[in-house]
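Trainee: Pasting a structure below so you can have a look.
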Amino acid sequence: MDSMRWLAPAKINLSLKILGRRPDGFHNLSSLMVPVSVFDTLEIALKDVGDIEFVCAAPGIPLDDGNLVVRAARLFCSTFGFPPRLRIVLGKEIPHGAGLGGGSSDAATTLLALDALFQTHLARQTLVDLAAELGSDVPFFLVQSAAWISGRGEQVSPIEGLPSVPLLLVKPPFGVPTPWAYSHWKESEEIPGVPYGEQSTAAGTLCNDLERPVFQKYVLLAELKRWLLVQPEVEGALMSGSGSTLFAVLRQKQCGVALKERLEGEFGTQIWICLCETIPQKSDG
Ligand code: C5P
């Protein structure tokens, strides 16, 4: 049984503006999202018999139909009439509950992988419609480049010309539930002394409306942002999505190691720290 291996990148939101709450409970957004070089891996093989066999060794990841990978595979197979005889092995590098889109990326990559394995050659819009059923961030990961996102996330407009920039990703040992962050956006208030305004950086203009509710409850994140912003290596710092990851845009890639060590000295080694870069365009390789 041959299996193929796929890479599912994480993302950050360089900007996230909430335009308002919709009657369906979701929020209309305008967000600039960009893939980053931290990857989950998916190995998918067709089997002769049986049902979906899903393997993931990472702790805390559901192995049943609650997992977006399994839901994506079931949706694909039931929509196009294929028996779900698949073995899928997921390797997790992207932390969960982090605002980095790991589960959404895994689901989008599953759709792209099955389109290739079953040779269905689906139109982009067909894939987008399936992706939007799985989650608001899933359509973004089909385009594999930086993109402006609107609607609840299902409208994706790829953009060209953004530079690749070095990043330090920083995630404390807790996650933020996305529904909680959105549902507290409207009545939340800024913490005095914490900078929330737009920051102009080589990566683009940074700003995230979800920082306001999330920082109010998870004050450590506000402290981390303030700390990052006064480090000489850091050009800008922002929370990604609904958190709990913050990213720092670095002035130079080489300075990331020293910053990482100082960060661990200040906030402890329980914090997940990752040096990576944005991938604004898919490479041709
Ligand atoms: O679509 P997804 O399952 O990722 O969304 C998780 C939750 O985040 C939604 O149930 C909703 O509470 C909130 N959300 C929102 N507006 C969006 C995206 C997500 O309110 N555009």
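Just so it is clear, none of the values below were taken in a lab; they were calculated from the coordinates. Predicted model, so just to flag it, every value in this text is computed and none were measured. Glycine gets a Cβ as well: all are built from the backbone with ideal geometry, and neighbour counts include every protein chain shown.
Trainee: Which of 211, 154 comes first, and how do the rest follow, when ranked by fewest Cβ neighbours within 10 Å?
Mentor: Values: 211 26, 154 19.
Result, fewest neighbours first: 154, 211.
Trainee: Let's see if you can work this out: charge +1 on each Lys and Arg Cβ, -1 on each Asp and Glu Cβ, no other charges. What is the dipole magnitude of region 166-277 about its Cα centre, in debye to the nearest 20?
Mentor: 160 debye
Trainee: Straight-line reach from residue 282: which lysines fall under 23 Å, measuring Cα to Cα and dropping same-chain residues less than 8 apart?
Mentor: Excluding near neighbours in sequence, the set is 11, 92, 253.
Trainee: With a 10 Å cut-off between alpha carbons and a GNM built on the chain, which of 257, 234, 165 moves the most?
Mentor: Highest fluctuation of the listed residues: 257.
Trainee: With a ≥ b ≥ c taken as the square roots of the eigenvalues of the C-alpha gyration tensor of region 3-158, please select rounded if a/c is under 1.5 and otherwise prolate if a/b is larger than b/c or oblate if it is not?
Mentor: prolate
Trainee: Continuing with the same structure: Determine, for each peptide in 45-55, 29-39, the mean count of other beta carbons within 10 angstrom over its residues, then list the peptides with the highest first.
Mentor: Descending mean neighbour count gives 29-39, 45-55.
Trainee: Quote to one decimal, in nm, the extra length available between residue 150 and residue 198 on full extension: 0.36 nm per residue of separation minus the C-alpha distance between them.
Mentor: 15.4 nm
Trainee: Please state the charge dipole magnitude for the chain, taken about the Cα centre, from unit charges on C-beta atoms (+1 on K and R, -1 on D and E), reported in debye and rounded to the nearest 20.
Mentor: My answer is approximately 220 debye.
Trainee: When you count, for each residue, the other Cβ atoms within 10 Å and take the mean per peptide, how do 7-14, 94-101 rank with the highest first?
Mentor: For the peptides 7-14, 94-101, the packing ranking is 7-14, 94-101.
Trainee: Now, a different point. What list do you get for 56, 77 if you sort them by fewest beta carbons within 10 Å? Walk me through the intermediate numbers first.
Mentor: Numbers: 56 20, 77 17.
So the residues, fewest neighbours to most, are 77, 56.
Trainee: Let me ask another. Hey, quick one: spin label on residue 157, modelled 7 Å out along Cα-Cβ, who in region 1-38 has an amide N within reach, i.e. under 15 Å?
Mentor: Once the point is set 7 Å along Cα→Cβ of residue 157, 17, 29-33 turn out to lie under 15 Å by backbone N, inside region 1-38.
Trainee: Relative contact order, percent, of the chain when contacts are C-alpha pairs under 8 Å separated by at least 6 residues?
Mentor: Dividing the mean separation by the residue count of the chain yields 22 percent.
Trainee: Of the options 134, 242, 192, report the single residue whose Cα projects farthest towards the positive end of the charge dipole of the chain (beta-carbon charges: Lys, Arg +1; Asp, Glu -1).
Mentor: 192
Trainee: Can you sort 283, 183 by how many other beta carbons sit within 10 Å, fewest first?
Mentor: Lowest count first: 283, 183.
Trainee: For region 30-35, just list the computed ³J(HN,Hα) in residue order, Karplus coefficients 6.51, -1.76 and 1.60, θ = phi - 60°, integers in Hz, with x standing in for Gly and Pro.
Mentor: After applying 6.51 cos²θ - 1.76 cosθ + 1.60, I find 9, 9, 9, 10, 9, x Hz.
Trainee: Along Cα→Cβ, 7 Å out, is where each label goes; now give me the distance between the ones at residue 41 and residue 272 in nm to one decimal.
Mentor: It works out to 1.8 nm between the two label points.
Trainee: Could you identify which residue out of 232, 139, 195 has the top mean-square fluctuation in a GNM of the chain using Cα springs shorter than 10 Å?
Mentor: 232
Trainee: Any idea which of 102, 75, 231 is furthest toward the positive side of the dipole for the chain, if Lys and Arg beta-carbons carry +1 and Asp and Glu beta-carbons -1?
Mentor: About the Cα centre, the residue reaching furthest to the positive side is 231.
Trainee: Which residue, 110, 126, 201, tops the fluctuation ranking in a GNM of the chain built on C-alpha contacts under 10 Å?
Mentor: Answer for the Gaussian network model of the chain: 126.
Trainee: With contacts defined as alpha carbon pairs under 8 Å and 6 or more residues apart, what's the relative contact order of region 3-158 in percent? Each step should come with its number before you reach the end.
Mentor: Numbers: 311 pairs, mean separation 42.5, N = 156.
With pairs under 8 Å counted, the relative contact order is 27 percent.
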